Amino acid sequence: NRRIVLAERPKGAPNADTLRQETAPVPEAGAGEILLRTVWLSLDPYMRGRMSDAKSYAEPVVIDGVMTGQVVAQVVTSDVDGFAPGDHVLAGSGWQDWAVSDGTQVVNLGKDPAHPSWHLGILGMPGFTAHAGLLNIGEPKAGETVVVAAATGPVGATVGQIARIKGCRAVGVAGGPEKCAHAVDVLGFDACIDHKAEDFEAQLKDACPDGIDVYFENVGGRVLFGVLPLLNPFARVPVCGMVAWYNLTGLPEGPDRSPQILSTVLRQKVKMQGFIIFDTFGATEHAAFVKDMTGWLEDGSVHYREQVVEGLEAAPEAFGDLLEGRNFGKMVVKVG
Ligand code: NDP
C-alpha cells in the first residue's frame, strides 16, 4: 500500500520536503466495512489549505498523516449493504492505494460508469462549485458579461460554458495563448485574455465593452485588480477561490489595496459573497446541478478537458504544477 503523507507544513510553495511517500501493509476490512482500491485521485487547489494549520473551514492534515483527497475507487471486498465487489465509488480515501471504510459518505457510481474520473471534475465537486456558485450567487441574466479566470480548469471552464448557455457574454482569463485559444475555440468563450500579457488590463477592458456584471472570483491577484474598475453597478462577485495567493507567507508587497476594493463595492453596490461548496449549498442545488450537467454533456453543450498524471508517485510534483498553472484541464492521477 503506497501512501503519500504530509511530512512538513510548507512555507510558501510546497516543495520536495512537503510530502513523503511511504509503504504500509494493505489494510484489512472487518465486519461492516468495505475495502477500496484507488483508481483515480483528484488534485485540487484546496489541498494547499489542508497543508496549513492556519484558520480554515476544515481541519488541517496532521503531520505524518495521509494527504486528504477525493478518489474514485473500486470495491474489492464488502460487508456493507449497497456495495458489492467491482462497484466504482466516490470516496474521500486520500493519496493512497488502499483504504477501508464503513461506507459513510461513500457514493456508489455502479459497476461500469461511463467516465469514472469525471466524477472528480465536471460531474463532481468542481462542476457543482461552478454551477451552484454562478447560478445562485452570480445570478447571470441574458445579455450580461461574466468574467472568470482559470478559464480552462474544471471550475472556470464550467462557469464560462454555463454563462454562454444562459445567454451571457463569457470572458475568460487564462495563462498563455494555448489555454486562451482552447477557451475560445473549444469551450466557446466569447474572448479569453492572457493574464501574463503586459497589457492584460487594457485587453480585458476591450473584451468587456459593456463592463462586467458577474465576476466569478477564482484567483485574486492581478486579475482581481484588472476587473475592479470594470464592475458595473449591482455586479455580483461569487468568491470561490484565490489560488494566486495560496502560497503567500504574509501580506503582499506594495500599496494597500483595501480602499480600492471596498470603495468599488460601495460605489457600485457590488454583491460579494464567499461560499464553500461542502456546506453552502444543499440537496436542492445539487439535484439541479446533476440534472443540468448530465443533459449538457449529453447534448454536447458542455466540453470537458482532463490532464491525466500517471502514477501516485507523480502526484506531489503534479500538485505543485497545479498551483502554478502548469496543468491544462482538470488534473487527475491514474493510481491503479
Ligand atoms: P484549476 O485546475 O483551474 O487550477 C488552478 C489554476 O489557477 C491554474 O491552472 C492557473 O491557470 C490558475 N492560476 C494559478 N495562479 C494564478 C495567478 N497568479 N493568476 C491567475 N491564475 C492563476 O483549479 P480548479 O478549477 O479546481 O479551482 C479553481 C478555483 O476554485 C481555485 O481557487 C479553487 O481553490 C477554487 N475552488 C473553490 C471551491 C469552494 O468551495 N469555494 C471548490 C472548488 C474549487 P492559468 O494557467 O490559466 O492561469
### Task
Give the order of T38, T158 when sorted by the count of other beta carbons within 10 angstrom, beginning with the fewest.
T38, T158
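Give me the net charge of A288's neighbourhood, meaning all other residues with Cβ under 15 Å from the Cβ of A288; Lys, Arg count +1, Asp, Glu -1.
Working: positive: K166, K291; negative: E139, E285, D292.
Combined, the nearby Lys, Arg, Asp and Glu give -1.
Eigenvalues of the Cα gyration tensor times 5, then square-rooted: what semi-axes does that give for the range 125-274, in whole angstrom, largest first?
Values: eigenvalues 88, 64, 48 Å².
Its equivalent ellipsoid spans semi-axes of 21, 18, 15 Å.
What does the C-alpha gyration tensor say about the overall shape of the range 1-54? Classify as rounded when a/c is under 1.5, otherwise prolate if a/b is larger than b/c, or oblate. It would help to have the intermediate numbers written out before the result.
Values: a/c = 2.47, a/b = 2.01, b/c = 1.23.
Judged from the Cα gyration tensor, the range 1-54 comes out prolate (a/c at least 1.5, a/b above b/c).
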### Task
Pull up all non-local amide H partners of V270: gap of 5 or more, or a different chain, and H-to-H distance under 5 Å with H placed in the peptide plane.
F234
## Note on the structure
the chain, Gaussian network, Cα under 10 Å: of D53, D44, D299, the residue fluctuating most is D299
### Summary
Distance in nm between E139 and L251 label points, each 7 Å along Cα→Cβ, equals 3.3 nm
### Query
In degrees, nearest 10, range 0 to 90: what is the angle between the Cα axis of helix 283-298 and the longest Cα principal axis of the chain?
80 degrees
### Task
May I have the convex hull volume per residue, in Å³, for the Cα set of the chain?
134 Å³
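DSSP loop (so not H, G, I, E, B), at most 16 other Cβ within 10 Å: list which GluC sites (Glu not before Pro) in the range 147-202 pass both filters.
Numbers: sites: E178, E198, E201; in loops: E198.
Taking the range 147-202 and a limit of 16 other Cβ atoms within 10 Å, the loop GluC sites (Glu not before Pro) found are E198.
What list do you get for S52, S78, S93 if you sort them by fewest beta carbons within 10 Å? Display every interim value, and only then the final one.
Working: S52 14, S78 20, S93 25.
Ordered from fewest to most neighbouring Cβ atoms within 10 Å, S52, S78, S93 come out as S52, S78, S93.
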#### Entry: Candidates G295, G254, G311, ranked by Gaussian network fluctuation over the chain, Cα under 10 Å, top entry
G254
### Query
Which lysines, on any chain, are close to K271 with Cα under 18 Å apart, when same-chain ones fewer than 8 places away are left out?
K141
### Nearby lysines by direct alpha-carbon distance to K291 (threshold 18 angstrom, same-chain neighbours under 8 apart not counted)
K166
### Task
Bin width 10 Å, alpha-carbon pairs only: give the P(r) of the range 40-84 as whole percents, running from 0 to the bin holding the largest distance.
23, 37, 25, 14
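If you rank K269, K330, K179 by fewest surrounding Cβ atoms within 10 Å, what's the result? Please report the intermediate quantities before stating the final value.
Details: K269 12, K330 28, K179 22.
Ascending Cβ contact count within 10 Å gives the list K269, K179, K330.
Summing -39500 (n - 2.57) over the DSSP H runs of n ≥ 4 in the chain and dividing by its residue number, what mean residue ellipticity at 222 nm do you reach, to the nearest 500 deg cm²/dmol?
Values: 9 runs with 83 residues, N = 336.
Theoretical 222 nm ellipticity from helices: -7000 deg cm²/dmol.
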### Task
Mind checking which aspartates and glutamates have their Cα closer than 13 Å to the Cα of K11? Skip sequence neighbours fewer than 8 apart in that chain.
D53
### Query
So what are the three principal axis dimensions of the range 93-151 from its Cα atoms, in whole Å, longest to shortest?
49, 23, 21
### Message
Could you give each residue of the range 208-225 its phi-based ³J(HN,Hα) in whole Hz, using Karplus coefficients 6.51, -1.76, 1.60 with θ = phi - 60°, and x for Gly or Pro?
### Response
10, x, 9, x, 10, 9, 10, 10, 8, 7, 10, 10, x, x, 4, 5, 4, 6
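DSSP loop GluC sites (Glu not before Pro) in the range 19-114 with at most 12 other Cβ atoms within 10 Å of their Cβ, which ones?
Values: sites: E22, E28, E33; in loops: E28, E33.
Passing sites in the range 19-114 are E28.
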### Query
If you plug each phi of the range 13-29 into the Karplus form 6.51 cos²θ - 1.76 cosθ + 1.60 with θ = phi - 60°, what whole-Hz ³J(HN,Hα) values come out, in order, with x for Gly and Pro?
5, x, 10, 5, 8, 6, 10, 9, 8, 10, 10, 9, x, 5, x, 9, 8
### Query
Amide H to amide H under 5 Å from K330: which residues, 5+ apart in sequence or cross-chain, H placed 1.01 Å off N in plane?
R305, E306, Q307
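Defining a contact as two alpha carbons under 8 Å apart and six or more residues distant in sequence, what relative contact order in percent does the chain show? If you can, show how the numbers build up before the last one.
Working: 707 pairs, mean separation 57.0, N = 336.
Once normalised by length, the contact order is 17 percent.
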### Task
Report, in debye and to the nearest 20, how large the dipole of the range 125-274 comes out about its Cα centre when Lys and Arg carry +1 and Asp and Glu carry -1 on their Cβ.
480 debye
#### Entry: Cysteines in the chain that, by Cβ-Cβ distance, have no pairing candidate under 4.7 Å
C168, C208, C240
### Message
With just the Cα atoms defining each centre, how far is the range 134-212 from the range 279-336? Give it in Å.
### Response
18 Å
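Just round it to a whole percent: the fraction of Cα-Cα distances in the range 36-147 exceeding 25 Å. Walk me through the numbers before you get to the answer.
Values: 2152 of 6216 pairs.
So the portion of pairs separated by more than 25 Å is 35 percent.
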## Note on the structure
Taking Rh as the Kirkwood radius computed over alpha-carbon pairs of the range 156-207 and applying Stokes-Einstein at 20 °C with viscosity 1.002 mPa s, one gets a diffusion coefficient in µm² s⁻¹ of 197 µm²/s
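No lab work stands behind these numbers, since they all come straight from the coordinates. Since the structure is predicted, the reported quantities are computational estimates derived from the model, not experimental observations. Positions of Cβ are backbone-derived with ideal geometry, glycine not excepted, and every protein chain shown enters the neighbour counts.
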